[in-house]
Amino acid sequence: MRLPPWLRRALRVAFLVAVVVVLVLAVRRQGDGLGDALARTGVAAALGSLLAVLVGLFASAMVWRSLLADLGSPLPVRTALHVFFLGQLGKYLPGSVFAVAAQMQLGRTQGVPRSRVGAASLMFMGVLVATGLLVASAALPLTSPDALQQYFWVLAVLPVGLACLAPAVLTRIVATGLRVLRREPLERPLSWRGVGTAVGWALAMWAAYGVHLLVLLLPQHTSGSAALPLLSLGGYALAWTVGFLLLIAPAGAGLRELVLVLSLAPVLDTAPATAVAIVSRGVMTLGDLVWGGAGALMRPRSGADGTGVATVEGVQQLGKAADA
């Protein structure tokens, strides 16, 4: 049974309000410990973390560009960054469809069929989720001698993730999704080369994101025997993936931080772990804004007449479709 549009919007607003309330209560409860942890982080660590985030976001754009090229629409790097990052700002609206809508409209102004951009964006999400689960399942059990008992369940994801990254399987999954959404079918299947290139860029992205979290962890008074680089890599991959799968939350707001705090429990108390999660969210958001601004400045001349209008119209159109 489909919920009426007004009820879905009400649930999204209620979820966001609940997230804000929980965060405010957590900050008040942690008190001085949270403040001390934020002070220990320092400007240098925050800037280093931001640099790693910017590298990771660039790698994520290359994932999308590789998949779009494999579907038959190779774009120059400048054009791809313009379409991808300007469209990605739509992910801060509840539901990931708004980013896809904006990218479809922006891609159309560059001569790429809307259906092809939409398919590439869906595949992009699938590759990030599958590789994120693979990274988490590979890294977390190795963080300490006792971690295998705690994270044994993620190993079950390993064969599933590997299977989903096979071109034939990924093509079938996306084709099914397009049928459900009543979109045009894929014009051609994915190739091993195209998917392999996308996966390589995705792994580079996760490595950069792991570094961004590690830089924030180093100034804290960590404890335990967990390997911080592996914990940073696997913990963030797991938190990002879980947050992404909850589509009602804009950019995984709230849930990503909760999972991250739980993942850091072996080495950090709740207060410093919460501080790290908050700074991580701020750095990631700033990275999105920096690349979004850069993407706007990279606007190709062929899309100068109406790129912004097309983006707004695309978001509005797909937003109406999502609520229908």
Taking a ≥ b ≥ c as the square roots of the Cα gyration tensor eigenvalues, with a/c under 1.5 meaning rounded and otherwise prolate when a/b beats b/c or oblate if not, the range 118-305 comes out oblate
Given Cβ charges of +1 for Lys and Arg and -1 for Asp and Glu, the option among Val180, His212, Ala296 whose Cα lies farthest towards the positive end of the dipole of the range 118-305 is Val180
Rounded to whole angstrom, the alpha-carbon centroid of the range 265-303 lies from that of the range 122-138 at a distance of 19
Taking a crude spin-label model, label points 7 Å out from Cα along the C-beta direction, the Arg179 to Leu286 distance in nm is 4.7
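Values in this text are rule-based calculations from the coordinates and carry no lab data. Predicted, not measured: the structure shown is a model, and the values here were computed from it. Counting neighbours? That spans all protein chains shown, and the Cβs are built from the backbone with ideal geometry, glycine included.
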